[in-house]
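One structure follows; several queries about it will come next.
The values are calculated or read from the model by the stated rules, or taken from the named source; none is laboratory data. Keep in mind that this is a model prediction, so the values were computed, not measured. Heads up, the Cβs are rebuilt from the backbone with ideal geometry, glycines too, and the neighbour counts pull from every protein chain shown. For the accessible areas, the whole protein counts, side chains as well, though only heavy atoms, and no ligand, DNA or RNA atoms are used. Shrake-Rupley method; radii C 1.70, N 1.55, O 1.52, S 1.80 Å.
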Amino acid sequence: MPTADPLNRLVVVQGDITHEMVDAIVNAANESLLGGGGVDGAIHRAAGPELLAECRQLGGCPTGQAKITRGYDLPAPWVIHTVGPVWQGGQHHEDELLSRCYRNSLTLAVEHGIRTLAFPAISAGVYGFPLERAAEIAIATVAATLDQTAANDTPTIAQVRFVCFSDRAYQVYQTALSEALDR
Ligand code: ADP
């Protein structure tokens with residue numbers, strides 16, 4: 001029996017990810033997991049100091065991998081922290097490392113029974129990954145991973161939201177999703 005197209009479970013929205021009412025939000029963290037600027041700073045501010053205290057126990061996180069904590073004062077009960085690659089021109093496995101961030105985050109989500117989650121545009125801020133390319137990788141990787149995890153016809157993840165902070169990111173993600181749907 002064919003499974004539903006996983007692209008139908010992807011949604012592009014504009015806003016602040018810290019307001020998302022989902023089971024988990026994903027943080028574009030750095031390898032220290034001790035907080036930073038951009039979306040990382042916003043998540044730590046909204047979650048409160050207990051998030052940093054839990055992150056301190058995790059011993060960092062290598063690029064491309066993911067770790068999970070509670071969400072504390074956030075509406076989302078869980079935060080999945082993943083570390084995107086710094087863009088170095090495209091010849092340093094950046095695409096594969098970014099793809100791994102999405103795959104590993106989804107794997108952790110499934111392991112924790114998470115059904116709805118929200119991603120920011122990992123690496124597309126201070127880390128300098130070109131936005132169009134980052135959006136295509138995000139959508140293609142999430143769709144492919146959902147397809148694999150739904151192989152037994154019981155999809156555990158109901159919705160994945162891509163939360164775009166800027167007007168431009170929102171346009172780019174909408175275009176990337178509609179192009180994927182047209183294929
Ligand atoms: P990275 O270091 O992985 O590039 P950044 O935090 O610098 O991470 O940026 C990643 C993306 O998150 C950028 O597109 C940025 O505009 C966006 N962003 C920043 N703050 C928020 C927020 N509160 N909610 C959602 N996205 C955000």
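Hey, rough spin-label estimate for Thr107 and Gln148, points 7 angstrom out along Cα→Cβ, what's it come to in nanometres?
0.8 nm
With a 1.4 Å probe and every protein chain left in place, tell me how much accessible area His19 has, in Å² to the nearest 10.
The accessible area of His19 comes to roughly 130 Å².
In whole percent, what relative contact order does the chain give with Cα contacts below 8 Å and a gap of six or more residues?
Result for the chain is 30 percent.
Per the Debye formula with a single identical scatterer at each Cα and no solvent contribution, what log10 I(q)/I(0) holds for region 20-69 at q = 0.26 Å⁻¹?
-1.11
How much accessible surface does Glu179 have with a 1.4 Å probe, in Å² rounded to 10?
90 Å²
Let me ask something else. Where does the charge balance sit around Ala46 when Lys and Arg score +1, Asp and Glu -1, over other residues with C-beta under 10 Å from its C-beta?
After counting each charged neighbour, the total is -1.
Using only Cα positions of the chain, each an equal point scatterer, no hydration layer, compute I(q)/I(0) via Debye at q = 0.10 Å⁻¹ and quote the log10 values to two decimals.
-0.34
Kirkwood hydrodynamic radius of region 1-92 from all distinct Cα pairs, in Å?
Result for region 1-92 stands at 14.4 Å.
Where both residues lie in region 1-149, what percent of DSSP beta bridges are antiparallel, nearest 5?
Percentage antiparallel, nearest 5: 40.
Please name whichever of Phe119, Pro77, Thr149 sits farthest to the positive end of the charge dipole of region 35-183, dipole taken about the Cα centre and charges placed at Cβ: Lys and Arg +1, Asp and Glu -1.
Pro77
Taking the Cα centre of region 93-151 as the origin and placing charges on Cβ (Lys, Arg +1; Asp, Glu -1), which of Ser105, Gly128, Ala138 is farthest toward the positive end of the dipole?
So the residue we want is Ser105.
Please compute the volume of the convex hull spanned by the alpha-carbon atoms of region 108-183 and report it per residue in Å³.
97 Å³
Determine one quarter of the surface area of the Cα convex hull of region 62-105, which equals its mean projected area, and express it in nm² to one decimal.
3.4 nm²
May I pose another question? Shape call for region 4-43 from the C-alpha gyration tensor, a ≥ b ≥ c root eigenvalues: rounded (a/c under 1.5), prolate (a/b greater than b/c) or oblate?
Here region 4-43 falls in the prolate category.
Further question on the same structure: Using a 1.4 Å probe, how large is the accessible area of Val110, given in Å² and rounded to the nearest 10?
50 Å²
Of Tyr102, Tyr72, which has the most accessible area with a 1.4 Å probe, and how do the rest follow in descending order?
The most accessible residue leads, giving Tyr72, Tyr102.
Another one. If I histogram all Cα-Cα distances within region 58-137 using bins 10 Å wide from 0, what percent of pairs lands in each bin?
18, 49, 29, 5
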